[in-house]
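K.L.:
Got a structure here, written out as structure tokens. Questions coming.
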Amino acid sequence: MLMSQITIDFPEEIFSSRRLPPEEFVHDLRLAAAIYWYQKQEISQEKAAQIAGLNRRDFLAALVREQVDVFAVDLNDLQQELNRG
């Protein structure tokens, strides 16, 4: 799999405010971004798991831990399905 690397500079106090070493901060940042984009229905569960650096099962477990709906339902789509019978 081809990988790209990005660099983001943060002030040192960011890490101490969360009481996390930089490696754990990056893990949390990746997970937060994946959950955010997944909730906005911009990416699939599979892509979100990849962004978070997790397999799909572990990403679903993270959603549960964070009390995020595992399956996003568009109410308009649901209503159309219900109307079809």
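Read-outs: derived from the displayed coordinates by stated rules, not from any lab. What you see is a predicted model, and the numbers here were worked out from it, not measured in a lab. Note that we place each Cβ from the backbone using ideal geometry, even for glycine, and neighbour counts take in every protein chain shown.
K.L.:
Can you tell me which condition residue 41 does not meet? The list is (1) out of contact with any Asp or Glu (no Cβ under 8 Å at 6 or more places or on another chain); (2) loosely packed, with under 11 Cβ neighbours inside 10 Å; (3) in a loop (DSSP other than H, G, I, E, B), and all the others hold.
P.N.:
For residue 41, the exception is condition (1).
K.L.:
Are any residues in segment 1-14 part of a loop (DSSP other than H, G, I, E, B) and surrounded by fewer than 10 Cβ atoms within 10 Å (Cβ to Cβ), and if so, which ones?
P.N.:
1, 2, 3, 4, 5, 6, 7, 8, 9, 11 - these are the residues of segment 1-14 that are part of a loop (DSSP other than H, G, I, E, B) and surrounded by fewer than 10 Cβ atoms within 10 Å (Cβ to Cβ).
K.L.:
Only one residue in 29, 54 is outside any helix (DSSP H, G or I) and closer than 19 Å to residue 4 by Cα. Which one?
P.N.:
Details: 29 fails: outside any helix (DSSP H, G or I).
Only one candidate passes the filter, namely 54.
K.L.:
Then there is this: Go through (1) over 30 Å from residue 71 (Cα atoms); (2) touching a Ser or Thr at 6+ places or on another chain (Cβ under 9 Å) one by one and return the number of the condition residue 38 breaks.
P.N.:
So residue 38 meets the others, but not (1).
K.L.:
What are the residues in segment 57-81 that are in a helix (DSSP H, G or I) and among the acidic types (Asp, Glu), if any?
P.N.:
58, 77, 81 - these are the residues of segment 57-81 that are in a helix (DSSP H, G or I) and among the acidic types (Asp, Glu).
K.L.:
Restricting to segment 15-26, name every residue that is surrounded by 12 or more Cβ atoms within 10 Å (Cβ to Cβ), part of a loop (DSSP other than H, G, I, E, B) and either touching a Gly at 6+ places or on another chain (Cβ under 7 Å) or not aliphatic (A, V, I, L, M) (or both).
P.N.:
none
K.L.:
If you don't mind, another one. Does segment 52-69 hold any residues that are out of contact with any Phe, Trp or Tyr (no Cβ under 7 Å at 6 or more places or on another chain) and buried (at least 16 other Cβ atoms within 10 Å of the Cβ), and which are they?
P.N.:
Across segment 52-69, the qualifying residues are 54, 59, 60, 62, 63.
To keep it simple, each residue is scored yes or no on (1) of a type outside the set (Gly, Ala, Ser); (2) in contact with a Lys or Arg (Cβ under 9 Å, 6 or more places away or on another chain).
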site	(1), (2)
1	yes, no
5	yes, no
11	yes, no
28	yes, yes
44	no, no
65	yes, no
71	yes, no
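K.L.:
Follow-up. Scan segment 27-38 for residues that are loosely packed, with under 15 Cβ neighbours inside 10 Å and either charged (D, E, K, R) or closer than 22 Å to residue 75 by Cα (or both) and jot them down.
P.N.:
Those that are loosely packed, with under 15 Cβ neighbours inside 10 Å and either charged (D, E, K, R) or closer than 22 Å to residue 75 by Cα (or both): 28, 36.
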